[in-house]
Every structure is written in C-alpha cells, then in structure tokens.
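This report refers to the structure that appears directly beneath it.
What follows is calculated from the coordinates using simple rules that are stated; it is not laboratory data. Here the structure is a predicted model, which means the values were calculated and not measured. Glycine also receives a Cβ, built like all others from the backbone with ideal geometry; neighbour counts cover every protein chain displayed.
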Amino acid sequence: MQIQQPYLIVLVFGVATVGVAGGLVAVAALFGQRKPTRGKLEPYECGIRAVGDARVRFPVKFYLVGIMFLLFSLEVIFFVPWAIVYRDLVVQSRLFGVIEMGIFLFILVIGYVYVWQRGAFDWAEAERDV
Amino acid sequence: MAAIPTSHYIMLSAALFAVGVLGVLIRRNAIVIFLAIELMLNAVNLAFVAMARHMGPVATKMGGATGLVDAMQGQVFVIFVLAVAGAEVAVGLAIIVALFRHKRTLDVDEVNLMKW
Amino acid sequence: MAVWLFDAAAVVLVACAIAAIVQRNPLYTALLMGVVFAGLAIPFVLCQAELLAALQVIVYAGAIVVLFVIVITMLGSESREALEEQLSIRPAGTLCALVVGILLAALLAGPAVWVWGSQRAESWPTLLSRNTEAFSAALFTGRYIVPVEMASLILLAAMVAVVVMIVRPPPGSNEKTTTKQ
Amino acid sequence: MLVQILILAIKIVCVLLFVMGMVPVLIYIERKLIADFQQRLGPHRVGPWGVLQPIADGLKLFLKEDIMPANANKLVYVLAPIASMAPAIMMFAVIPFGEPVDVLGHRVGLWLADLNIGLLYVLALSSLGVYGIILGGWSSNSKYPLLGSMRSAAQMVSYELPLAVTLLGPLLLAGTLSMVGLVEWQMSNHWLVLMQPVAFVLFMLCAVAETNRAPFDLPEAESELVAGFHTEYSGFKFAMFFMAEYAAIVSICAVAVTVFLGGWSGPVLPPIMWFLIKLFALIFIFMWLRATFPRLRYDHFMQLAWLRLLPLALASVFLTALVLCLPVPESPALVAAANAGVIAAVLLFELLMRARRRLVQEKG
C-alpha cells in the first residue's frame, strides 16, 4: 500500500491546517473584548440605516457563469487523462490521439460559439437585464 | 495495511443510495431533491469503483487488449457518470431558476403545470 | 488500519448525508452534501482510483455544489419562505420512510453478502503503481471513443438547453422567449 | 518507523510555519515596494526600517473586538474565514521545496507528499477556495459583502477554467501529474516556461485573478464595494481573510515555480535557495502589477476570461498536441514556436471580433 501513504500524509496535513485555522479563530475570540451596541451590530451601509433586506436577488448572469463553468470544466476533465497518455498515443498510432481530441474539441467549440453568439458572455448586457 | 473488503464499499454505497432515495421521497424542496439525486449518483460511482477493483483480474481473462485497460472498465464508467451528472445539474438548475422566476416557489407539489 | 479509516469515513459520510436531507435550510443541505461528495474521495483513494478521487472533488465539490450554493444565495430574500420548507414530522410517514430506507439498503447491500468472503483483489496491486496512466489509457486507446464523443455531445446539448432557457434573445430578434409567457 | 513519523511531524510544522511566516514578510515587502513605486517611505516606525510593522498590526487585530452583525448567520460567519484559509495552505502539501536529503540515514524528500495526481490536487483545492468567499459574503447579511461575494464567485469560477487549461500543456509534454515528477522532467529536459511561454503568461494572469489581486481585485473594489465580501468582518476573522489572500498568492506562485520554472533546479546555489528565489521573483511580479495597472471594468474583466483567455489556453494546448504528433524529431524550439503561434491565432480572433462588431453596428 505504499502508493497511498502520501494520501495519508495529505489527510493528516489537512486536519492540521483546519485545526490551526480553527484554533486561531477560537483563541482570538477569547482575547478580543466584546461591547456590542445596536449601532455597531448593524450592517454597514455607509453610515445610514440599512434599507430593505440585504439578501437581494441577483441578475441571472451570475448563475449563468456558474453553469458555464460547470459544463466547461466537465470538458476539461476529459482533457486530463488524454494529456497523460498523449505521448503513448502518438507512439502507438501517430494521429489517433489528436483526431480523437480534435473531434471532442470541435464539438466543444460549437457549443462555445453558440453560447457566445447568444450573448451569454456579454456582461454589459446584464445591466439592462436584471 | 490490509485491503478493504469489497463488501464494505457495497454497504457504504447502499447506505448512501438509500439516504438519497429517502431524500427524494420525503422532501418537497426542488433543490434538496436534486441534491439527493446527486447523492444517489455518487453512491453508484462508488459501487462502480469498488467492483472495478473486485473484478479487475477477472475482466483481464475475458478481454483481448492489455490487462490494465480491461481492469479499468468500472472506473471509466465513473467519468461518464460525472459528465452526465454535471449536464443534468446544469439543465436541472436552469429549470429550477426559470421555475422560480415564474411561480416564486420551489415546492414540487405546487408545480403541476404538466398535470391536467 | 485502512479498514478502520474506511469505516470511520463511511460512518461520517452517512451521518452527513442523513443530516443533509433532514436540514430545513437548503444552504446547510448543500454544504453537508458538499462534505459528503468531497469525502467520497477517501474511499476512492483507498480503492486505488486517485484520478477519479481528484475529479470527484473538482467536479462535485468544486463545481456542482458551488453552483447549488450560488443558486441558493442568489435567489435571495424573496425566496426565504420558499427555500425553507416546513418539515412536518408525521409519525406514520416517518416510520414508513424508515422501513422503506432500511429495506432498500438491505436489498442493495445484497451483493455485499455475495462478495463477502471472496478476496479476489490480491493480483490487483501489480497494476497499482501506474493506475492513473492505466485509467487514461483505458479511456483513450480507442475502445471508448464513441462514449467520449457522446459525452461531449451531451454537454453541448446541455449548453444549448441552458442558454435557451436562461438567456434572453438579443433585442431585435423575433424569437419568442421561453422564460416569459 | 518512529523516526519517520517524527520527520513527518517536523515537516508538517515547518510547512505550516513557512506559509504563516510568509504572510507578514509579504505584507512588509508589499508595503515597502508600493511605497517605493509611489515615492513614499512606507512603514518605518516599528522596529528597524519598520520591519515589525506587520507583526504589530497582527497583534492589534488579534486583540480587537470581534463584531458579528445582527442577523448574521453565526455558524457560516465563523466557518467562512477558516474555509477560505485552509485550501490555500493545504496546497503546499504537494509543493516540492528541494531535492531529497539524507537525514539520520533516511532519504527525506523536501516535500510533504508526492501525490501521483499532484496537479489535480492543486486544481481541486483552488476550486474549493470559492466557498470561503461566497459564504463570508452571504452570512454577513449585508449588501456590500453579498455583492462582493457574488462578483468574486463569478470571477473565481471564470478564471478557474483557463487556469486549469493552461496546466494541460505542461502535462502534455511531461506526461505526469506528480509535482516531483514535473520538476525531474524539467531537470532532464528544459524548463517548461521555455516550451510553453504563452501558457505560463496565461497561468500568471489567471493566478492574479484567482487570488483577487489588483488589477483584478474587483470583488474588493474600494470605490464600489467598500471592502467586498469581508466588509462586515473585523478583528481576527478579518485578519484571517487577509492571511488567506497572501497564503493563496504564495501557494499559487509556488505552483507556477514548480510547473513552469523548474522548481528547485538551478546551478551553484542549493536547491531550496533556487526555489525561494524563483518564488520571490514571481511574488514581486504580483506586486509590480498592483502598483502599475488600474482596475478593470467588470464587464471587460469577465469578457477577458471567457472570450480571450479560455480560447487562447485551449488553442495553446491543442497546438502543442499537434506539434508533438508531427513526424519530425521533437525539438523544444518547435514546441515553443507552436505555443507562441497562439498569439497569431489571437490576433486573427481579435480581427474577427472587430469585423463582427462593425457588422453589428452597421446593421443597428
């Protein structure tokens, strides 16, 4: 099980990191003084009293970016194993790897161009489109 | 370190899948139901990986190509599940957002446009 | 050692999953699910699927749950009532659900009994040392070329669907919006 | 066995101390540098040449009152700084600082863990960095933080993609995901920055955006959003966000050094010195950028990611792949030329964009 030993170390390191970060927050909470007043606890709005609820609804653009990120990152995860074995693919049959990924990339580019042409990446539009 | 018996994986997978099914059954919030579906897909992924390891050498006997490649069948499925799950989430959340804009609700019991 | 680690992780994961589905606040549900999805990397690594473990974290915890969190925070205050559903505890229903869940888990765990005694994984370690390469080779040396391209097509379809549903057509086009009726 | 565990513990403590210790150092260097750029003195009161200033600031923040706004979601509010700090530090688990050395008869690598998927581990952690920011902004229950966090989230996910794609080029050439493997490959071949210059530049651009640094610091644009997602944070939790930002800079620069600049490799000086020299050189670039460029407009900024960097990165990867499968002996110069050829592609793309815009204008 030699191969998994580094992962155990990473797990230990992760626990240590979160422990240190959490510990710092906890210790700092003990030291800081605490004299809350109503004004202090109000949400900051440049000095005036907060108007309305803070949790406003956002333009759908923000969500669209998230979704495009998800779809494109799914495409990218297919590139990773391809890149790992690419040299082997070239050795086995020269053009197979590049053609295989070429088709994949071509389909991706169709989607990209469609999304782009429909103005999904056009943020100036978002101002009007709340 | 001893290898973990495959049965442990299958049981974890079964438990997570059952929790996912329960989530779909008992909740009415569309977002939560969706997350529960993702949980089920994850449980299936886990079963795929575990069975790939379990069946690895057996698959080698059946296949024609190199043993390494054949032993990876289960794992290869997982990456396709990931892709399909991602696409599903993208479209599903788009539907949820569009739905919310119209009906101001996420309750699946109140969304009965398709019913007549 | 590995078995302990696995079992501990399994218990935590199932606990988080249960906590997630009985949570009123969907943001907590999403975050707990994120923990479950990221935590599944542990069994994946213990199963010699390191590449998939990383992809699992990148795709699920890094993209899918982030998207859920963005949607939940984005829908904003008007939706607070819509988001937080009243979890009504009806004893009979809860009991039924529990019975269904246990039966289902037992049914699904059936294969576990089937593979209980058999330990066929011994010859596997010889493949281990280069298993990310093996995985990549399996995916790209030709056998799965059609599924790979199909995956790309599915993602293309998803892209088109999302844009059609969410983006308004540019002003001037006579296309009808699908979001406004 | 015991010795190994001891060595591991020492290594973990060292890495943690290194990252935490880099934060005050960076703050001091940055303040001095920016002061030089603007012909001011910068901190000079606390300690000789003001070197103790960051420590004094840290102590002050440690003892400050910790204000939690009413209506804040308490649990998430406390978790957010931790969630934004942990991934930045955890990235260091796979960074190799130097060659393996012999300690007490054990061969010890100057890295915590040489994962066989190191590069993906880095990507996974950088994609987790978004949580701290979204949660911090959302839980404060205040408008500026929420706006800042939404912007920040959109920005980070947008630049995440080209960042991941630029790492594919080196992966294609070296064929390994292990960080140590990458450094060793570069030692026996060439530094990857020579073969992938465009990818390196793109990576650095995305790194600046990922760490929310000027000129891409839109989430914390003072003139628009007060302080962005951490407006409502005070005391030590604020300091945590601050530290997280600097830790993220150090870790992303360390990744760039390992992947593109040959990690610890270099003549004469000991390997770890080379690593540090390269690291500080890249960090200097970060500060130089901040001193030189004004902030971008938000729509331009998002378009930069999606319409420029992403296609550019994909083209650079694909051209590299094309060159590798040519029936000629592989030469670094050819690979580099192909990579630079992407620039030509971009100019073409730019021309097409211009033409399209003109067409649209004529129509409208």
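What residues of segment D:261-303 lie in the reach of a label at residue D:349, counting those whose backbone N is under 15 Å from a point 7 Å from the Cα along Cα→Cβ?
D:301-303
Say R0 is 22 Å: what FRET efficiency, to the nearest 0.05, do residue C:97 and residue B:109 get from their beta-carbon distance?
Working: r = 16 Å, r/R0 = 0.75.
Computed FRET efficiency for residue C:97 and residue B:109: 0.85.
Please report, in debye to the nearest 20, how large the charge dipole of chain D is about its Cα centre when each Lys and Arg carries +1 at its beta carbon and each Asp and Glu carries -1 there.
720 debye
Any idea what the alpha-carbon Rg over 2.2 N^0.38 Å comes to for segment D:261-362?
Values: Rg = 19.1 Å, N = 102, 2.2 N^0.38 = 12.8 Å.
Taking N as the residue count of segment D:261-362, the ratio is 1.50.
Roughly speaking, what is the stretch gain from residue D:190 to residue D:4, that is 0.36 nm per residue apart minus the C-alpha to C-alpha distance, in nm to one decimal? Numbers along the way, then the final one.
On the way: separation 186, 0.36 × 186 = 66.96 nm, distance 3.35 nm.
That pair, residue D:190 and residue D:4, stretches by 63.6 nm at full extension.
Kindly point out which whole DSSP H helices in chain D project their C-alpha atoms 24 angstrom or further along the helix axis while averaging a Kyte-Doolittle hydropathy of 0.5 or above.
On the way: long enough: D:2-37 (51 Å, 2.02); D:74-90 (25 Å, 1.58); D:118-139 (33 Å, 1.55); D:143-174 (47 Å, 0.84); D:235-260 (38 Å, 1.78); D:271-292 (32 Å, 1.79); D:332-363 (47 Å, 0.79).
Within chain D the helices that satisfy the rule are D:2-37, D:74-90, D:118-139, D:143-174, D:235-260, D:271-292, D:332-363.
What percent of all Cα-Cα pairs in segment B:70-113 falls in each 10 Å bin, counting up from 0?
24, 32, 21, 16, 7, 0
Cα-based Rg of segment D:243-290 per 2.2 N^0.38 Å, rounded to two decimals? If you can, show how the numbers build up before the last one.
Values: Rg = 11.0 Å, N = 48, 2.2 N^0.38 = 9.6 Å.
Working it through for segment D:243-290, the quotient is 1.15.
Can you list the residues of segment D:182-202 with backbone N under 12 Å from a point 7 Å past the Cα of residue D:340, pointing along Cα to Cβ?
Hits in segment D:182-202 for residue D:340 at 12 Å: D:194-198.
Once you treat every alpha carbon in segment D:121-278 as an equal point and sum by Debye, what is log10 I(q)/I(0) at q = 0.12, 0.15, 0.16 Å⁻¹?
-0.57, -0.80, -0.87
Which pairs break 18 Å Cα to Cα here: D:32/D:60; B:103/D:143; A:35/D:64; D:64/D:237?
Values: D:32/D:60 20 Å; B:103/D:143 25 Å; A:35/D:64 11 Å; D:64/D:237 10 Å.
Pairs exceeding 18 Å: D:32/D:60; B:103/D:143.
Please give me, ordered by residue number, the trypsin sites (Lys or Arg not before Pro) of segment A:67-129 that lie in loop per DSSP and have at most 16 other Cβ atoms within 10 Å.
Details: sites: A:87, A:94, A:118, A:128; in loops: A:94, A:118, A:128.
Answer in residue order: A:94, A:128.
Would you mind giving the three semi-axes, in whole Å and largest first, of the ellipsoid equivalent to segment C:1-85 according to its Cα gyration tensor? Before the final figure, lay out each step's value.
Values: eigenvalues 166, 48, 5 Å².
Over the Cα atoms of segment C:1-85, the semi-axes work out to 29, 16, 5 Å.
Please give the Cα centre distance for segment D:99-144 versus segment D:32-90, rounded to the nearest Å.
Centre-to-centre distance over Cα atoms comes out at 21 Å.
State the percent of C-alpha pairs, over all pairs in segment C:25-75, separated by a distance greater than 16 angstrom. All intermediate terms of the calculation are to be shown ahead of the outcome.
Details: 489 of 1275 pairs.
Roughly 38 percent, rounded to a whole number.
Tell me the label-point distance for the pair residue D:63, residue D:361, using the 7 Å Cα-to-Cβ offset, in nm and rounded to one decimal.
Spacing of the two 7 Å Cα→Cβ label points: 6.1 nm.
Roughly how many debye, to the nearest 20, is the charge dipole of the protein assembly as shown about its Cα centre, given +1 on each Lys and Arg Cβ, -1 on each Asp and Glu Cβ, and no other charges? Mind dumping the intermediate values first?
Values: 52 positive and 47 negative charges, 265 e Å.
That gives the protein assembly as shown a dipole magnitude of about 1280 debye.
If you average over every viewing direction, what projected area does the convex hull of the Cα atoms of segment D:71-163 give, in nm²?
On the way: hull surface 31.3 nm².
Over all viewing directions, segment D:71-163 projects a mean Cα-hull area of 7.8 nm².
Test of understanding: express the Cα radius of gyration of segment A:84-125 as a ratio to 2.2 N^0.38 Å, with N the residue count.
Working: Rg = 15.8 Å, N = 42, 2.2 N^0.38 = 9.1 Å.
Cα Rg divided by the expected 2.2 N^0.38 Å: 1.74.
How long are the three semi-axes of the equivalent ellipsoid of the protein assembly as shown, in whole Å, if each is the root of 5 times an eigenvalue of the C-alpha gyration tensor, listed from largest down? Please list the in-between numbers first.
Values: eigenvalues 252, 238, 188 Å².
Taking √(5λ) for each eigenvalue gives 35, 34, 31 Å, largest first.
Note the per residue figure in Å³ for the convex hull of the C-alpha positions in chain D. Can you show the working numbers first?
On the way: hull volume 65.8 nm³, N = 364.
Hull volume over Cα atoms, normalised by residue count, gives 181 Å³.
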